[in-house]
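The values are calculated or read from the model by the stated rules, or taken from the named source; none is laboratory data. Everything numeric here is computed off the predicted structure, so don't read it as measured data. Cβ placement follows ideal geometry from the backbone for every residue including glycine, while neighbour counts extend to all protein chains displayed. Areas reflect the complete protein model, heavy atoms only, side chains present, ligands, DNA and RNA absent. Shrake-Rupley method; radii C 1.70, N 1.55, O 1.52, S 1.80 Å.
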Amino acid sequence: MKNIRKAVIPAAGFGTRFLPATKAVPKEMLPIVDIPTIQYIVEEAAESGIEEILIVTNSYKACIENHFDQSFELEEKLKAGNDMERLHMIQRISDMANIYAVRQKHPRGLGHAILCAKSFIGDEPFAILLGDDIVVHKEKGAIRQLMEAAHTYDGSIIGVQPVKPEVLHKYGIVDPKSFVSEQIAKLSGMVEKPQPENAPSNLAVMGRYVLESEIFDYLENQVPGAGNEIQLTDAIARMAKDRNVYACSFLGKRYDVGDKIGFLQAQIDFALAREDLHDAMVEILSAALISD
Ligand code: G1P
């Protein structure tokens with residue numbers, strides 16, 4: 001497989017689960033402690049060697065592009081105040097990768113959002129990272145693990161983790177045909193948001209993909225599926241009939257920051273993991289538990 005240099009981050013959703021916070025602020029800009037969720041996603045891609053990132057946005061999300069751009073006035077102000085620590089923090093954000101944006105003009109679903117990246121990707125294999133899934137790892141980012149598997153097995157790789165039966169209906173669920181290693185299975189298909197009795201396995205898609213560019217041939221004529229949306233899962237399932245598609249159970253703790261409880265859990269865990277906040281957080285949490 002060719003080198004994977006490009007990634008797509010779909011960020012055109014309306015964030016209805018987080019209203020009213022997302023009325024004027026894109027959900028991707030809501031912070032976990034003090035870093036917008038989309039910055040964690042861009043960092044994961046950049047750390048894995050991705051050089052070019054296309055963010056699929058919509059007309060009220062220009063501040064995402066601004067966040068990854070240079071901020072001349074702010075930098076000058078920090079320089080004048082000799083605040084070098086914050087200056088470097090700000091400069092690092094705009095230096096991480098080359099960021100591009102395209103607008104999804106009609107909200108027709110994840111598959112349609114990815115199709116908006118067709119001319120940016122061309123005929124290279126590419127990564128997709130969904131903004132609702134933040135993965136904390138000990139050694140290697142989730143997308144890096146998938147990129148390595150794509151080189152070994154020469155095909156598309158879908159990142160999965162096992163889930164409990166009661167949440168199968170929230171995810172894309174893969175249909176493994178045969179396991180080629182402990183972590184990697186060749187797929188015969190995938191189903192988007194099945195009822196537990198129709199789920200082909202307990203392995204759920206967790207917002208990380210490495211896909212061959214042939215996926216666009218399938219997305220172009222994909223009919224709407226679950227939720228009457230053009231589903232990426234359905235296009236990958238059709239591609240799996242013709243080409244090699246694998247699932248890789250990646251390592252790392254995944255937070256669903258698109259869900260209120262997942263978002264709050266991430267706030268607590270990320271704050272506890274920060275040296276500057278740890279002790280104060282322990283005090284606050286212990287006091288809250290005692291007074292509960
Ligand atoms: C999307 C995908 C689904 C995947 C999920 C979590 O669904 O369509 O296959 O399992 O993200 O990454 P959404 O949560 O946007 O409805």
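Hey, among the residues in the range 252-265 that are part of a helix (DSSP H, G or I), within 15 Å of the ligand (Cβ to nearest atom) and among the hydrophobic types (A, V, I, L, M, F, W, C), which one's farthest from residue 137 (Cα to Cα)?
Once the filter is applied, the top-ranked residue is 261.
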>> Of all residues being part of a loop (DSSP other than H, G, I, E, B) and open to solvent by 60 Å² or more (accessible area, probe 1.4 Å) in the range 169-203, which is nearest to the ligand (Cβ to nearest atom)? Just the residue, please.
In response: 193
> So residue 269 fits all but one of (1) more than 22 Å from the chain's Cα centre (by Cα); (2) in a helix (DSSP H, G or I); what number is the exception?
Replying inline: (1)
> In the range 150-167, which residues are more than 10 Å from the ligand (Cβ to nearest atom) and open to solvent by less than 10 Å² (accessible area, probe 1.4 Å)?
Replying inline: 150, 155, 156, 157
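Conditions tested, residue by residue: (1) open to solvent by less than 40 Å² (accessible area, probe 1.4 Å); (2) part of a loop (DSSP other than H, G, I, E, B); (3) under 22 Å from residue 4 (Cβ atoms); (4) at pLDDT below 95.
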| site | (1), (2), (3), (4) |
| --- | --- |
| 94 | yes, no, no, yes |
| 102 | no, no, yes, no |
| 112 | yes, no, no, no |
| 131 | yes, yes, yes, yes |
| 134 | yes, no, yes, no |
| 139 | no, yes, yes, yes |
>> Scan the range 35-50 and tell me whether some residue there is assigned to a strand (DSSP E or B) and exposed (fewer than 15 other Cβ atoms within 10 Å of the Cβ).
In response: yes
> How about the range 272-290: which of its residues are more than 30 Å from the chain's Cα centre (by Cα) and either surrounded by 14 or more Cβ atoms within 10 Å (Cβ to Cβ) or of a type in the set (Ser, Thr, Tyr) (or both)?
Replying inline: 286
>> Restricting to the range 47-93, count the residues that are in contact with a strand residue (DSSP E or B) (Cβ under 8 Å, 6 or more places away or on another chain) and over 28 Å from residue 21 (Cα atoms).
In response: 4
> Restricting the search to the range 204-226, which residues are among the charged types (D, E, K, R) and within 16 Å of the ligand (Cβ to nearest atom)?
Replying inline: 208
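So that you can scan it fast, the table gives a plain yes or no per residue for (1) of a type outside the set (A, V, I, L, M, F, W, C); (2) modelled with pLDDT of 95 or more:
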| residue | (1), (2) |
| --- | --- |
| 120 | no, yes |
| 124 | yes, yes |
| 143 | no, yes |
| 147 | no, yes |
| 158 | no, yes |
| 164 | yes, yes |
| 172 | yes, yes |
| 176 | yes, yes |
| 198 | yes, no |
> open to solvent by less than 50 Å² (accessible area, probe 1.4 Å), out of contact with any Cys (no Cβ under 6 Å at 6 or more places or on another chain) and in a helix (DSSP H, G or I): does that describe residue 237?
Replying inline: yes
>> Condition first: touching a Cys at 6+ places or on another chain (Cβ under 8 Å) and closer than 30 Å to residue 264 by Cα. Now tell me which residues in the range 134-156 satisfy that.
In response: 145, 146
